[in-house]
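A.B. asks: Here you go, one structure.
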Amino acid sequence: MVTVREQLPGRLNELSEETTVEHAEQAQHDLAEWLDRVRAIFDGAELKQLEEVAQLALQRELESTVKHPSNTFYTGLEMANILAHLYVDEDTLSAAMLYRGVREGVISLEEVLNDFGANVHGLVKGTLAMGKLSELIEKNKRLEDHFNNNQREHLTGIYKMLISVTEDVRVVLIKLAERTYALRELAKSSKDRQERVAREILTIYSPLAHRLGIAQLKWELEDLAFRYLAPERYKEIASLLNEKRLEREQYIQFVIDKLRNALLEYGIEAEISGRVKHIYSIYRKMKSKDLSFDQLYDIRAVRVLVKAVPECYHTLGIVHQMWRHIPHQFDDYITNPKANGYRSLHTAVIAENKSLEVQIRTHAMHNEAELGVCSHFNYKEGSKNTDHSFNHRLHSLRAVLEHYQERNDASAHKEEETEENFEQIQEFEDFEKIYVFSRDGDIKELPRGSTVLDFAYHVHTEVGNKCYAAQVNQRYVPLTYTLKTGEQVEILTKKDREPNRDWLVNSLGYIKTARARDKLRHWFRQQDRSKNLEVGREILNKELSRLAIHPKSIDLADYCTHFNVKSGEDILIGLVNGDISLHSLINQVNRHMHLDQDEPELVLKPALNPRASHTLSAHGILIDGLDNVELHIAQCCQPVHGESIAGYITLNRGVSIHKVACPDYLRMIQNEPERAVEADWEMQPTRGQSVQIVVEAYDRRGLLKDLTQVIFSDHINIRQVNTISEADGIANMKLLIEVKGLAQLSRLLARLEQQPGIISARRLVQGH
């Protein structure tokens with residue numbers, strides 16, 4: 001049959017109208033024949049969506065005036081054809097047909113979404129993202145050096161990166177199909193591009209296909225790539241084989257049928273499969289083990305899977321009875337397993353005048369060899385370290401492939417039954433790692449959630465210590481920016497730069513990895529103790545000032561036991577080097593003041609009990625010796641739940657509640673000490689205490705909106721807002737809010753001061 005490519009020349013826009021129509025008619029005929037072949041693969045399925053997609057791709061290619069390197073319709077047809085033999089679903093076939101057209105701008109993503117739904121749209125979009133990553137890899141000169149030198153430690157992260165960049169396993173299959181087609185089309189490219197693409201595929205995509213268990217793609221990728229990289233060696237091994245691949249496959253099928261019949265005669269039910277070693281695989285084994293072609297006995301091989309270990313040895317005896325055993329070519333890995341746990345029987349025989357390797361194992365041994373701790377790709381590729389997260393995703397991919405193949409053999413009724421299970425197969429856990437490019441093009445592996453500052457410390461301690469800015473994909477980002485797989489990071493440094501102590505504050509989000517945190521703490525520990533004491537005292541006093549708490553009301557010695565330190569000075573030093581967080585210290589201050597930090601409230605209570613308005617129970621306050629009296633919170637000091645308080649009996653307003661250290665309270669009880677009463681907070685969570693805070697900031701549009709969003713995100717109620725904008729561009733905002741205690745207030749004020757344009761945020765007490 002004449003191919004579509006021959007019927008559709010590359011520049012259709014340069015052809016006459018009559019010629020275009022003629023070729024279009026031929027293309028329609030060829031498309032119909034191709035659809036019939038695909039339907040036959042899927043047992044006569046209608047594939048209406050695929051037909052609509054193919055018609056659209058053909059139509060847009062004919063109408064297109066955009067100059068692109070290859071025919072988008074033909075490319076899509078070839079990619080879908082490759083995937084059809086893997087028995088993927090119709091959405092995947094449709095996405096493969098559309099991918100090249102969308103990439104070249106012939107079809108829009110919006111059109112795909114509107115016409116074919118979210119599933120196809122997501123697959124095309126995911127493949128485009130992986131394609132961009134693939135382009136970065138191909139253009140990366142540093143990686144090309146790694147390819148040339150076969151530096152595996154620098155290359156293993158590449159296909160991890162390709163896997164981790166997508167959330168749908170089918171995207172990987174589409175990308176593999178695209179790379180397979182690209183390799184087939186390399187004959188018309190320059191020698192430089194042939195070698196570059198072949199090297200990339202041989203190093204990245206063929207190992208990926210191998211790990212996924214896609215043998216038909218693996219051998220084609222490896223052989224074609226090897227043909228471009230070492231054409232003379234390729235021809236030499238091909239001539240030594242002295243037979244075509246089709247002839248070798250026919251031989252394997254003949255041997256399988258003969259062995260299966262022989263085993264059935266002895267009542268052994270076995271699952272038998274076979275393979276012929278492809279040219280690159282032969283070359284690799286000859287090179288790695290320093291063997292000649294005549295010393296290879298596994299060019300042709302069959303694998304026999306049986307139910308139990310005794311049947312393994314019984315099968316071995318039958319094989320040696322049928323065919324002559326080659327001396328010194330027998331390994332019993334069942335009795336003597338390999339170091340990685342691999343178990344199987346290996347023997348080599350002369351079957352029908354040709355050497356043949358036979359592997360015999362149980363089904364359990366096979367599952368362990370393919371997907372267990374002794375996975376064959378770890379052995380074949382020489383991996384010393386096992387990435388369990390990566391292997392889990394690969395196993396999930398293989399499970400999806402196996403499901404596709406099983407589904408193709410099942411009835412329509414069974415398809416419905418297994419649909420739910422299939423959805424579960426695709427839900428595998430996210431990668432624990434991300435993979436990013438350095439400025440020079442090296443791939444760095446980091447824990448998921450890492451920031452650019454984590455990356456800086458990953459590169460080198462000094463790079464992190466002297467970091468002042470960062471660029472991601474040539475765009476400036478804050479140091480708290482969370483990195484994503486495939487991004488390129490550049491760290492900017494200054495000689496006189498020192499680490500900022502805010503970097504160790506968890507709530508600010510500068511550092512996410514333990515490695516970076518340890519390096520920061522080590523740096524701060526090396527600083528002068530007296531300097532650290534001064535800085536630590538400054539940090540604490542700043543926080544206490546923000547909360548309107550006098551420093552002398554806090555005795556650090558009360559908290560030495562909790563933090564397991566000898567003195568209050570050690571607590572201050574701990575604040576500096578990160579061993580003690582400011583939030584933890586404020587938390588303990590709250591507890592020392594008889595407040596249960598962040599105690600969950602099961603029922604939301606109003607601020608005042610309607611049945612006990614203006615009584616002591618309304619505010620959750622206990623007064624020694626008095627009951628059912630009117631009270632109010634003094635406006636001069638406005639105590640918050642958790643602070644030390646006392647009561648003062650007024651003439652006509654009942655009892656006023658003050659902070660113990662309130663100057664007005666001290667003055668009044670000095671004159672009339674008989675009016676003083678003891679007071680304390682009830683040990684119950686309440687809805688909140690009213691606190692007034694003042695925020696000073698540079699005035700800008702949307703300032704109030706940003707601040708209120710920060711407050712609402714902490715589930716804090718705002719009761720009143722008063723904003724004054726001065727002529728000098730400074731805005732002063734007074735907010736009346738409800739907080740559960742000092743810890744929540746401290747956390748809120750710290751977050752407010754981190755917002756852009758904020759000068760200060762502090763608690764407001766009358767007279768201050």
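A.B. asks: Do we find that A262 is within 41 Å of the chain's Cα centre (by Cα), in a helix (DSSP H, G or I) and surrounded by 13 or more Cβ atoms within 10 Å (Cβ to Cβ) in this structure? Don't jump to the end; show me each part of the working.
C.D. replies: Numbers: within 41 Å of the chain's Cα centre (by Cα): no; in a helix (DSSP H, G or I): yes; surrounded by 13 or more Cβ atoms within 10 Å (Cβ to Cβ): yes.
Answer is no for this residue.
A.B. asks: Quick one: count up the residues across the range 206-244 that are of a type in the set (S, T, Y), farther than 19 Å from D192 by Cβ and modelled with pLDDT of 75 or more.
C.D. replies: Going residue by residue through the range 206-244, those that are of a type in the set (S, T, Y) are 206, 228, 234, 239.
Those left that are additionally farther than 19 Å from D192 by Cβ: 206, 239.
Among the residues that remain, those that are also modelled with pLDDT of 75 or more are: 206.
Final tally of qualifying residues: 1.
A.B. asks: Under 25 Å from L544 (Cβ atoms) and in contact with a Pro (Cβ under 8 Å, 6 or more places away or on another chain), is that true of I657? Working first, answer last.
C.D. replies: On the way: under 25 Å from L544 (Cβ atoms): yes; in contact with a Pro (Cβ under 8 Å, 6 or more places away or on another chain): yes.
In short, yes.
A.B. asks: Right, something else. Looking at the range 40-59, can you tell me whether even one residue there is modelled with pLDDT of 75 or more and in contact with a Phe, Trp or Tyr (Cβ under 6 Å, 6 or more places away or on another chain)? Full working, then the answer.
C.D. replies: Quick first cut of the range 40-59, residues modelled with pLDDT of 75 or more only: 40-59.
Restricting the remaining residues to those that are in contact with a Phe, Trp or Tyr (Cβ under 6 Å, 6 or more places away or on another chain) gives 57-58.
Checked the range 40-59: at least one residue is modelled with pLDDT of 75 or more and in contact with a Phe, Trp or Tyr (Cβ under 6 Å, 6 or more places away or on another chain).
A.B. asks: If you don't mind, another one. Tell me which residues, restricted to the range 1-39, are farther than 14 Å from Y74 by Cβ and at pLDDT 80 or above.
C.D. replies: Listed by number, the residues that qualify are A32, E33, L35, D36, R37, V38, R39.
A.B. asks: Being at pLDDT below 85 and either among the β-branched types (V, I, T) or touching a Phe, Trp or Tyr at 6+ places or on another chain (Cβ under 8 Å) (or both) is the filter here; which residues of the range 741-764 pass it?
C.D. replies: Once the filter is applied, which keeps residues that are at pLDDT below 85 and either among the β-branched types (V, I, T) or touching a Phe, Trp or Tyr at 6+ places or on another chain (Cβ under 8 Å) (or both), the range 741-764 yields only G757.
A.B. asks: Something else about it: Between a first residue in the range 479-508 that is closer than 25 Å to G441 by Cα and touching a residue at least 12 places away in the same chain (Cβ under 8 Å) and a second residue that is among the polar types (S, T, N, Q) and assigned to a loop (DSSP other than H, G, I, E, B), which pairs have beta carbons less than 7 Å apart while being 6 or more apart in sequence or on different chains?
C.D. replies: Here the result reads L483/S450; E487/N473; Q488/N473; V489/S438, each pair linking the range 479-508 to a residue that is among the polar types (S, T, N, Q) and assigned to a loop (DSSP other than H, G, I, E, B).
A.B. asks: Would you pick out the residues in the range 188-236 that are farther than 21 Å from V172 by Cα and hydroxyl-bearing (S, T, Y)?
C.D. replies: S189, S190, Y228, Y234
A.B. asks: Just to be sure, is T493 in contact with a Phe, Trp or Tyr (Cβ under 7 Å, 6 or more places away or on another chain) and surrounded by 14 or more Cβ atoms within 10 Å (Cβ to Cβ)? Walk me through how you get there before you give the answer.
C.D. replies: Working: in contact with a Phe, Trp or Tyr (Cβ under 7 Å, 6 or more places away or on another chain): yes; surrounded by 14 or more Cβ atoms within 10 Å (Cβ to Cβ): yes.
Here the answer is yes, as T493 does meet what is asked.
A.B. asks: While we're looking at this one, here's another question. Of the residues that sit in the range 158-182 and are hydroxyl-bearing (S, T, Y) and either in the same structural domain as A301 (by TED's automatic domain parsing) or at pLDDT 75 or above (or both), which one is farthest from the chain's Cα centre (by Cα)?
C.D. replies: Initially, the range 158-182 is screened for residues hydroxyl-bearing (S, T, Y), giving 159, 164, 166, 180-181.
From what's left, either in the same structural domain as A301 (by TED's automatic domain parsing) or at pLDDT 75 or above (or both): 180-181.
Working: T180: 26, Y181: 28 Å.
Within the range 158-182, the match that is farthest from the chain's Cα centre (by Cα) is Y181.
A.B. asks: Only one of these is at pLDDT below 80 and either out of contact with any Ser or Thr (no Cβ under 9 Å at 6 or more places or on another chain) or surrounded by fewer than 22 Cβ atoms within 10 Å (Cβ to Cβ) (or both): E200, E185, E195, E144. Name it. Show your work before the answer.
C.D. replies: Values: E200 fails: either out of contact with any Ser or Thr (no Cβ under 9 Å at 6 or more places or on another chain) or surrounded by fewer than 22 Cβ atoms within 10 Å (Cβ to Cβ) (or both); E185 fails: at pLDDT below 80; E195 fails: at pLDDT below 80.
Just a single option satisfies the conditions, and that option is E144.
A.B. asks: Further question: Given the residues V66, V102, V112, V120, which is the only one that is at pLDDT below 85 and of a type in the set (V, I, T)?
C.D. replies: On the way: V102 fails: at pLDDT below 85; V112 fails: at pLDDT below 85; V120 fails: at pLDDT below 85.
Being at pLDDT below 85 and of a type in the set (V, I, T) holds for just one of V66, V102, V112, V120, which is V66.
A.B. asks: Let me ask something else about it. Could you check the range 443-531 for helices (runs of 4 or more DSSP H) lying wholly inside it with 3 or more residues that are within 21 Å of the chain's Cα centre (by Cα)? Quick ask: steps written out before the conclusion?
C.D. replies: Numbers: elements: 452-459, 461-465, 514-525.
Where helices (runs of 4 or more DSSP H) fall fully within the range 443-531 and carry at least 3 residues being within 21 Å of the chain's Cα centre (by Cα), they are 452-459, 514-525.
A.B. asks: Additional query: Applying the selection to the range 203-222, what residues are part of a helix (DSSP H, G or I), surrounded by fewer than 22 Cβ atoms within 10 Å (Cβ to Cβ) and small (G, A, S)?
C.D. replies: Within the range 203-222, A215 is the sole residue that qualifies.
A.B. asks: Also: R747 - would you say it is of a type in the set (D, E, K, R), assigned to a helix (DSSP H, G or I) and in contact (Cβ under 8 Å) with a residue 60 or more places away in the chain?
C.D. replies: Working: of a type in the set (D, E, K, R): yes; assigned to a helix (DSSP H, G or I): yes; in contact (Cβ under 8 Å) with a residue 60 or more places away in the chain: yes.
Judged against the criteria, R747 is a match.
A.B. asks: Taking the criterion of being over 13 Å from R546 (Cβ atoms), in contact with a Cys (Cβ under 9 Å, 6 or more places away or on another chain) and outside any helix (DSSP H, G or I), would at least one residue in the range 712-732 satisfy it? Give the steps one after another, and end with the answer.
C.D. replies: Going through the range 712-732, the residues over 13 Å from R546 (Cβ atoms) turn out to be 712-732.
The next check asks that each one be in contact with a Cys (Cβ under 9 Å, 6 or more places away or on another chain); those that pass are none.
No, the conditions are met nowhere in the range 712-732.
The values are calculated or read from the model by the stated rules, or taken from the named source; none is laboratory data. Because the structure is a prediction, the values reported are computed rather than measured. So basically every Cβ, Gly included, is an ideal-geometry build from the backbone, and we count neighbours across all protein chains shown.
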